[in-house]
Amino acid sequence: MPTHQQLEGLYRICYYLTYRALQAIHLICTDERTDNLMSEINYDKMSDQELRQYFLEHKNEQSALQAYLQRRNQQPRQVITKVGDPDFDLNIEQAIKSKLDQRTNKN
């Protein structure tokens, strides 16, 4: 974690590059919730829901997309049925019904 002095130095460099040396390139950002200066976003500290919401609000941010997809790929996947299973359609219908019931019970 950078010290306060390091953050101030980073801010001065970014300000100089943004407003003096380079024109209108925003190299720093602030947390919209707290207005704190952010040097780097730590997706690992976000809950699944927070990361999903952040991604939806920042769809053009490539790193947010990568973090979201990586988190989704780490979640265990349940095999509902397999091709050739005689109860294929029934298993799919039961899985859909179960998912709908879960959503109904959450609300």
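Values in this text are rule-based calculations from the coordinates and carry no lab data. Note that this is a predicted model, so its numbers are computed, not measured. Methodologically, a virtual Cβ is constructed for each residue, glycine included, from the backbone with ideal geometry; neighbour enumeration extends over all protein chains shown.
Couple of notes before you dig in:
- Each Lys or Arg adds one and each Asp or Glu takes one away; over the other residues whose Cβ falls under 12 Å from the Cβ of Ala64, this sums to 0.
- Burial ordering of Tyr15, Tyr43, fewest other beta-carbon atoms within 10 Å first: Tyr15, Tyr43
- Across the stretch 54-69, computed HN-Hα scalar couplings (Karplus, 6.51 cos²θ - 1.76 cosθ + 1.60, θ = phi - 60°) run 4, 4, 5, 7, 10, 5, 8, 8, 4, 5, 5, 4, 4, 5, 5, 5 Hz from first to last residue, x flagging Gly and Pro.
- Applying 0.36 nm per residue to the separation of Asp85 and Arg71 and subtracting their alpha-carbon distance, the gain on full extension is 2.0 nm.
- Counted charge near Asn91, where neighbours are those whose Cβ lies closer than 10 Å (Asp, Glu -1; Lys, Arg +1): -3
- Spin-label pair Thr34/Thr3, simplified geometry with 7 Å Cα→Cβ offset, distance in nm: 2.1
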